[in-house]
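Undergrad: This is the structure I want to talk about, given as structure tokens.
The values are calculated or read from the model by the stated rules, or taken from the named source; none is laboratory data. No experiment lies behind these values; they were computed from the predicted model shown. Ideal geometry is used to build each Cβ from the backbone, glycine not excepted, and the neighbour counts take in all protein chains shown. What goes into the accessible areas is simple: the full protein's heavy atoms, side chains included, and nothing from ligands, DNA or RNA. Shrake-Rupley method; radii C 1.70, N 1.55, O 1.52, S 1.80 Å.
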Amino acid sequence: MELKELQNKYKGLIVSISKIKVPDKEVVGLIDEVSKLEKNIKSNLKIAKNSVDVRSLEKQLDNLYIKLFGIEGIGQTFRAIMKHQGKLKVCWLLYTDKSENEKDIVIHFLKKVQPDMIPRPILIENPSSLTSIHKTVNTEIFSNEIEELNSLDDDLKLEESDVISDITGGTKLMSGAIIMACMVFPERNMQYVDQDSIELIDVKNV
């Protein structure tokens, strides 16, 4: 495999949801604060583009996103989503019964930052089975889900090469299953979030 900084944005994203240690309300409150500040910036830009006030608000927003991305267990998922903001159309959320609350938080985040995007929660019913998780990714998402979404929306035209899978979150088995489902298909893309720099790393099959 070859690793380098991710440059492209994708229409589809697969992420695995991890448990968080901070209170749910704290994360939701931070998301709402980000959303409110973004709306405030857009409103101010209509009045005075590049004003001192707008630049100050943008700096505040950057600081809020740094806090959001730094939340252990879920911050890397927010970072992965934001990388593809503007192009992302579908986001599959792999979660277990133990990370259902976190899944709801990520859906809340998606609705706030990109309301036209389609969230597709996928319950991993047997998180201790590598074979079961692999089948979910390989068959349910890359085959059934893409086909179903394309049939519902003629304009979507989603191909496997339009989807990237993030291997940062979730359990080790979930990451392993995603790698197994992608590494033998050159058209399937992978990424992960570097924990130190929070940059997105492009994982190339070579």
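Undergrad: Taking only segment 142-158 into account, find how many residues are touching a residue at least 12 places away in the same chain (Cβ under 8 Å) and touching a helix residue (DSSP H, G or I) at 6+ places or on another chain (Cβ under 8 Å).
TA: The total comes to 4.
Undergrad: If a residue has to be more than 18 Å from the chain's Cα centre (by Cα) and closer than 15 Å to Ile122 by Cα to count, how many in segment 172-187 make the cut?
TA: So the count comes out to 0.
Undergrad: Can you list residue pairs whose Cβ atoms sit under 6 Å apart, with the first residue in segment 89-101 being open to solvent by 10 Å² or more (accessible area, probe 1.4 Å) and the second being in a helix (DSSP H, G or I)? Count only pairs 6 or more apart in sequence or on different chains.
TA: Short answer, once both residue conditions are applied: Tyr95/Lys103; Asn101/Asp24.
Undergrad: Among the residues of segment 164-181, which ones are in contact with a helix residue (DSSP H, G or I) (Cβ under 8 Å, 6 or more places away or on another chain) and free of Cβ contacts under 8 Å to residues at least 60 places away in the same chain?
TA: The answer is Leu173, Gly176, Ala177, Met180, Ala181.
Undergrad: So in segment 1-44, with the set limited to residues that are surrounded by fewer than 15 Cβ atoms within 10 Å (Cβ to Cβ) and among the hydrophobic types (A, V, I, L, M, F, W, C), which one is modelled with the highest pLDDT?
TA: Val22
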